[in-house]
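Novice: Please find one structure pasted underneath; my questions will follow.
The values are calculated or read from the model by the stated rules, or taken from the named source; none is laboratory data. Everything numeric in this text was worked out from a predicted model, so none of it was measured. Neighbour counts run over all protein chains shown; Cβ positions are idealised from the backbone, glycine included. Heads up: the accessible areas ignore ligands, DNA and RNA and are worked out on the full protein's heavy atoms, side chains in. Shrake-Rupley method; radii C 1.70, N 1.55, O 1.52, S 1.80 Å.
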Amino acid sequence: MATHTNGSLYVKTENGIGSITFGHPLSNSLPGELLQRIAKGIDELGNDTSTKVILIQSEGEKAFCAGAALNELIAIENETQGEAFFMGFAHIINAIRTSPKFVVARVQGKAVGGGVGIIGACDYVFATENASVKLSEISIGIGPFVIEPTLSRKIGVAATGQLSIDATHWQNAYWAKDKGLFAQVFENTKEMDKSLYELLEKLASYNPKAMSALKESLWKGTEHWNTLLKERAKLSGSLVLSNETQKALQKFKK
């Protein structure tokens, strides 16, 4: 498990399958530096001709991703810093969106906030029964504004609203599958990984031009997201400075 305060990232390609594995000692939460590195890793694998498909996964057996690193949210002092932090999630979403390769997620445990947004951006998602999801942003005075477009695209506005408004409630993995966030759910990681790598190996053998064309068609209508997500990051960056949000964040301060 990662022990570095900025987390860890491992990027590799083997037999046509590119993998991005991130980790952080605080339930695989995402500080700004790690967000940037993940986005860069997706871009690198997308441009690598030996990579046919991309896998995103996290370390450990418990949490998939706890979302934004709260200590960095607390440390934001102005709107410029706030926008820059939330742009980290925007960069990952746009990297997945514009990658010519399918991006598959392996979700072994719970996901919160931005972690749910990353899952929503992926083209196909495997999960275990432990992979409950929650959008907690409104409970601390902000909102899932950067990740909302990708979730509304994947699971619809109604389900996104349900997650966003009931911000302290966990929805289980079967709810997520029913809404379309997860493609498949398994009892344990052993069963999940068997099916996961069967699909990855198949995708690695398919015509990359056909897969790229299919991905482009599936993401049609999102060409304006570079501008949209930047606007959303700016909004989040301003809200995090509000008195209400600063007060809510203090309970997480160590």
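Novice: Consider residue 97 against the criteria (1) open to solvent by less than 20 Å² (accessible area, probe 1.4 Å); (2) closer than 30 Å to residue 186 by Cβ; (3) touching a helix residue (DSSP H, G or I) at 6+ places or on another chain (Cβ under 9 Å); (4) modelled with pLDDT of 95 or more: it satisfies all of them except one. Which criterion is unmet?
Specialist: So the condition that residue 97 fails would be (1).
Novice: Go through region 118-143 and count every residue that is open to solvent by 20 Å² or more (accessible area, probe 1.4 Å), assigned to a loop (DSSP other than H, G, I, E, B) and not hydroxyl-bearing (Ser, Thr, Tyr).
Specialist: Adding up the residues that qualify gives 4.
Novice: Okay, next question. Could you tell me which residue of region 35-56 is farthest from residue 18 (Cα to Cα), considering only residues that are of a type outside the set (Asp, Glu) and open to solvent by 30 Å² or more (accessible area, probe 1.4 Å)?
Specialist: 36
Novice: Name the residue, out of 184, 246, 171, that is within 29 Å of residue 100 (Cα to Cα) and either in contact with a strand residue (DSSP E or B) (Cβ under 7 Å, 6 or more places away or on another chain) or modelled with pLDDT under 95 (or both). Full working, then the answer.
Specialist: Numbers: 246 fails: within 29 Å of residue 100 (Cα to Cα); 171 fails: within 29 Å of residue 100 (Cα to Cα).
Result: 184 is the single residue among 184, 246, 171 that is within 29 Å of residue 100 (Cα to Cα) and either in contact with a strand residue (DSSP E or B) (Cβ under 7 Å, 6 or more places away or on another chain) or modelled with pLDDT under 95 (or both).
Novice: Now a separate question. Take region 176-195 and flag every residue that is in contact (Cβ under 8 Å) with a residue 40 or more places away in the chain and under 18 Å from the mean Cα position of the chain (by Cα).
Specialist: Hits for region 176-195 are 176, 177, 181, 182, 183, 184, 185.
Novice: Something else about it: Only one of (1) under 28 Å from residue 191 (Cβ atoms); (2) crowded, with 21+ Cβ neighbours inside 10 Å; (3) touching a Leu at 6+ places or on another chain (Cβ under 9 Å) fails for residue 110. Which number is that?
Specialist: Condition not satisfied by residue 110: (3).
Novice: Every residue in region 161-190 that is surrounded by 14 or more Cβ atoms within 10 Å (Cβ to Cβ), among the charged types (D, E, K, R) and assigned to a helix (DSSP H, G or I), please.
Specialist: 177, 178, 179
Novice: Which ones in region 57-88 are open to solvent by 10 Å² or more (accessible area, probe 1.4 Å) and among the aromatic types (Phe, Trp, Tyr)?
Specialist: Within region 57-88, 85, 86 meet the criteria.
Novice: Of all residues in region 145-160, which are touching a residue at least 24 places away in the same chain (Cβ under 8 Å), touching a Ser or Thr at 6+ places or on another chain (Cβ under 9 Å) and open to solvent by 20 Å² or more (accessible area, probe 1.4 Å)?
Specialist: If the condition is that a residue be touching a residue at least 24 places away in the same chain (Cβ under 8 Å), touching a Ser or Thr at 6+ places or on another chain (Cβ under 9 Å) and open to solvent by 20 Å² or more (accessible area, probe 1.4 Å), then 145, 148, 153, 154 are the ones that fit.
Novice: Ok, one more. Give region 198-233 a look and list any residue that's of a type in the set (Lys, Arg) and open to solvent by 30 Å² or more (accessible area, probe 1.4 Å), or say none. Even if it seems obvious, please write down each step before you answer.
Specialist: Keep residues of region 198-233 that are of a type in the set (Lys, Arg), which gives 202, 209, 215, 220, 230, 232.
Listed by number, the residues that qualify are 202, 209, 220, 230, 232.
Novice: Which one is modelled with the lowest pLDDT, of the residues in region 1-22 that are of a type in the set (Gly, Ala, Ser) and buried (at least 19 other Cβ atoms within 10 Å of the Cβ)?
Specialist: 2
Novice: Looking at residue 155, is it within 19 Å of residue 19 (Cβ to Cβ) and under 16 Å from the mean Cα position of the chain (by Cα)?
Specialist: no
Novice: Out of curiosity, is residue 236 touching a helix residue (DSSP H, G or I) at 6+ places or on another chain (Cβ under 8 Å), at pLDDT 95 or above and either within 19 Å of residue 54 (Cα to Cα) or open to solvent by less than 100 Å² (accessible area, probe 1.4 Å) (or both)? Spell out the reasoning first.
Specialist: Values: touching a helix residue (DSSP H, G or I) at 6+ places or on another chain (Cβ under 8 Å): yes; at pLDDT 95 or above: yes; either within 19 Å of residue 54 (Cα to Cα) or open to solvent by less than 100 Å² (accessible area, probe 1.4 Å) (or both): yes.
Yes; evaluated as a whole, the condition is true for this residue.
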